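The structure appears below as structure tokens.
Nothing in this text is a laboratory measurement; each read-out follows from the coordinates by a stated rule. A quick note: this is a predicted structure, and the numbers were derived from the prediction, not measured. A quick note on method: Cβ atoms are made from the backbone with ideal geometry, for glycine too, and the neighbour counts reach across all protein chains shown.
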Amino acid sequence: MNDAPLDPLTALRPWAAPEVTSWRRLPMNAVDRRPGAVPLDGDWHFQLLPAPDAPLGEVWSSSYVPGAWTMQGTDDLPRYLNIRMPFAEFPPDVPAANPTGVYERGVDVPAEWAGRRIVLQVGAAESVLLVHVDGRPVGISKDSHLAAEFDLTGLVRPGERATVRLTVVKWSDASHIEDQDQWWHGGITRSVLLYAVDPLHLADVTVRARRDGDLLVECRVRDAGGPLPEGWYVSGELDGQPLTQDAEFDRANAEDERVSDFLGEARLRAAVADVRTWNAETPELYDLTVRLHRADGTVADTSRHRVGFRDVEIVGRDLLVNGERVFIRGVNRHDFHPLTGRTVTYDDMRADLVLLKRFGFNAIRTAHYPNDPALYDLADELGFYVVDEADIESHDHAHEIADDPRYLGAFVDRVARMVLRDKNHPSVIIWSLGNESDYGANHDAAAGWVRRHDPTRPVQYEGAAKRGWADPGLASDIACPMYAPLEECLAHALSGTQTKPLVQCEYSHAMGNSNGTLADHWAAIEATPGLQGGFIWEFWDHGILQRVNDGRPAGRGGAGLHDNGVAAPGHRWAYGGDFGETDHDGAFIADGVVFPDRTPKPVMFEHREIAAPVRIEAFRHEGVVLGNHQHFRGLEWLSGEWELSLAEGTTLTAPAELPVLRPGETAAVPLPFVVPEDGGEAWLTLRVTTAGDEPWAPRGTVVCLPQVRLRAACPPAHTRVPDGTVEVDEDGLLVHPLLTSAPTLSLWRAPTDNDVLGGMADRWRDWGLEAPTREVVSVRRSPGRVAVVSDYLCAGGTVRHEQVLTAVDGGLIVDESAELPEALHDVARVGTVFETVAGLNLLEWFGQGPWESYPDRAAGAPVGHHRLPVDELFTPYLRPQESGGRHGVRRFTLSAPDTTGLAVRLDRARQVSVTRHRAADLADVAHHDELVPRAGCVVHIDAAHRGLGTASCGPDTFASYLVAAGVHRWSWTLRVL
């Protein structure tokens, strides 16, 4: 029996008491405390207990802080669920088996801190934090994604060593409102530090800087020793220029009965002439320093801030920044790293935002909690609009918790602390009350607090849409649905009932090979008043780097990452179910626009063109019309180069002088080339790059590649007069020296994640499209020609396929048709598949590229002459699936190093893929380390290919991108190089 006295913090059982949000935790504030702090990051002594009230053992291991213990070799491994809680208990209860990490280390308190106020800051702990110093209880905190501070002044002695113990309980009542779509972890995931300030200190600083140059700085002052001393005052300077004290406020405050002996308030003001305003395109910042003085003029405390002058307002149904209606080209972002889980460094975050900036994003939603504080500094500096979201998601028990008074304090506490921490960042333009937590009185209470404390920004909450987009109620100033079909958004905007801006908080789900119809959505958004954009779900594929030999996370000291989205040898990207858990949501965690190593997926290039700041508006006989599609900036920061691509293989370039255009303006520009009279198709591309170094891109970085067709293709002039022989086998299949598998009909693709979760994959399998039985109906031979009619027998009906092979001029013309019965009304593809001999390792093509593209995701792939090694054509989505396609291909060659190979010319622009994998190879495995590339190439030429859509979470592709029943015809020519 354990006779040790019961710890008072443990006796309180705060992990099962939603009414307890904290105990002795200091109020959140926006004062900068990093300078002079003592960092406590590094190796801590560590024990992982089975429950929070379990006794400590004799043996300690070590754990690195910041970091999750689930990523550092313990038996408590990461676990992924999207909606369901990882335990059966109803809120606020938690399971008895409750992993609890105990961290302990000695801390040398600097002797020079004598007489100062000493504070411990724990950046983040998941999900309940209990703090002890030298065995004495200090305090409690909840909220896994905001810092907790505790006053240690009376508990430690400067010049001596203290023992700090941080106990982190994994499961708690708070877990029920942290049920986000991400990995479950446990640990201390942000930095820990100790700092000291004068007893007389700045308790909070609020900065309000308007676009007209008006600056207001509100300061709150306290003295830890007791009542405020006489004669204190506050001063400040902006970019070296002194601020003025608000004498009228001081006078009114002195006469106000609310003035107390322990809280002081002061205001500083400035009117900045010729102010440089802040926006996402030109994020101008000023340096603000605020000082708290004692009566003798000496400085007791200092806080520094980066200030951006800007206004955010809603006028009618428009969201305005500095009076301009801006498009929100956003992405949802988690704090994530494939080696550390939740813990991210400054360099990690900067790399995230630099990448997003280069691909045309201008906004971030911090899904679904306040991100690491450094992210907001970077967003201020680089230029992003931020929707700052509170750490509230009760997905599994949303309806019960929204009105549960036991959770009222938690809702208000989490929203209020987020606002108090982040209110001085110009990048934050909207406060979000959380995510997927139904809608109830708890939300209204939190919204009321925000509106009283910060009337300068709108508030949003998606769950309020249950009352209708036109009137989301108190909780939302913005209609912010998720995955709303485009037709519903358009109908709302055109209905006459819209009263608020419509900005989707989530849309275009990026799971696997996805993001179909993104360009269609943006064409509608830009053309429709009332629609202002949205946030793609999401930035990251949350694959954890996992060692294949033992199934554990690679951890901080892992083998590192490979380029191009592929895990290093001996490793793979783990998703739900890969750590031995039986209850999980699989690859739904892999739904980002970048791979876990931050390699861009093809959709990033799609988005870059959709968000292009300069565009070719129209083609006229004498030239083209260029437009500036920015909100605030001219084109002077950009350079251009013209590129003319002709179908016969010629590419010409010429420098481009961009016109002087203000936002929204257009100008006619003469053609830089004399286009030859003949030569077939001709495409003009404007290669737009940065003219100088930007904070997020060096000079010469590609910004966009707008393109226009100058001349259409000429109809192919095939001669079908046989002048050779065609060799086929007894089944009427082509025999060719460079083919190991003859051209046959293909109706199926390795299901994408959208195909699986949207139900299409099951339907295609039920129809038998994966491996239909081929029956030869007839083989008709004539000199130089073979016509083969086959029936492909499927459970959903019989597909009649005709293939006519004609030998001409040293090559072969293949004319094909396939008739799909009405029952097969939506198939993956209709086309040809064949396989080549080994050694053909280089693909060159004229069509869209160079990156992967599909019928409903092709706006970002310009037409031109492209070449890539075959092994680089494949896109390694975390769960293997259909990938590597190129849309709009007119012709291609596959060649060996000695230039031998084959050439294919298509009757018109078609969908083509060349990879090392059959569709069945991809469909039969769960991870890429299980794939064995084939020596030859698997080639698909599609008469029609189904769009991708986003049906894994959201709308499917449009009807215009479906493969319909009926007759499909296509033709192609095969030649040996």
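Structure values in brief
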quantity: Inter-label distance, nm, simple model (7 Å from Cα along the C-beta direction), Asp826/Arg662; calculated: 4.8
quantity: Ordering of 95-106, 189-200, 31-42 by burial proxy (mean other Cβ atoms within 10 Å per residue, highest first); calculated: 189-200, 95-106, 31-42
quantity: The chain: angle of helix 441-453 to the longest principal axis, Cα-based, in degrees nearest 10; calculated: 70
quantity: Order of Ser63, Ser427 - criterion: other Cβ atoms within 10 Å of each residue's Cβ, fewest first; calculated: Ser63, Ser427
quantity: When each of Lys142/Lys423; Lys142/Lys357; Lys466/Lys601 is checked by Cα-Cα distance, pairs over 24 Å; calculated: Lys142/Lys357; Lys466/Lys601
quantity: Order of Glu643, Glu730 - criterion: other Cβ atoms within 10 Å of each residue's Cβ, fewest first; calculated: Glu730, Glu643
quantity: Reachable aspartates and glutamates, given that their alpha-carbon falls under 14 Å from the alpha-carbon of Lys500 and they are not under 8 places away in the same chain; calculated: Glu313, Asp318, Glu462, Asp471, Asp477
quantity: For peptides 110-121, 588-599, sequence by mean Cβ density within 10 Å, most packed first; calculated: 588-599, 110-121
quantity: 14 Å cut-off, amide nitrogen to a point 7 angstrom out along Ala691 Cα→Cβ, residues in region 633-656; calculated: 633-641, 656
quantity: Ranked packing of 128-138, 430-440, most packed first, by mean Cβ within 10 Å; calculated: 430-440, 128-138
quantity: Surrounding net charge for Arg615, when Lys and Arg each add one and Asp and Glu each subtract one, Cβ distance under 11 Å; calculated: -3
quantity: FRET efficiency for Ala920 and Ala37, using Cβ-Cβ distance with R0 set to 60 Å, rounded to 0.05; calculated: 0.55
quantity: Distance (nanometres) between label positions extended 7 Å along Cα→Cβ at Arg84 and Glu648; calculated: 6.5
quantity: For the chain, share of DSSP beta bridges that run antiparallel, in % to the nearest 5; calculated: 90
quantity: Neighbourhood charge, 9 Å Cβ-Cβ cut-off, centred on Tyr286 and excluding it, Lys, Arg +1 and Asp, Glu -1; calculated: -1
quantity: Distance (nanometres) between label positions extended 7 Å along Cα→Cβ at Asp871 and Arg276; calculated: 4.8
quantity: Efficiency of FRET between Ala491 and Ala114 - r from beta-carbon atoms, R0 45 angstrom, step 0.05; calculated: 0.05
quantity: Mean residue ellipticity (222 nm) of the chain, computed from DSSP H runs ≥ 4 via -39,500 (n - 2.57), nearest 500; calculated: -3500 deg cm²/dmol
quantity: Phe309, Phe249 arranged by Cβ crowding within 10 Å, fewest neighbours leading; calculated: Phe249, Phe309
quantity: Net charge, Glu126 excluded, C-beta distance under 9 Å - Lys, Arg +1, Asp, Glu -1; calculated: +1
quantity: Listed candidates (i) 31.5, 110; (ii) 39.1, 122; (iii) 33.8, 104 - label of the one calculated as Rg and Dmax of the Cα atoms in Å; calculated: (i)
quantity: Chain lengthening between Thr773 and Glu58 when straightened (0.36 nm per residue, less Cα-Cα); calculated: 250.7 nm
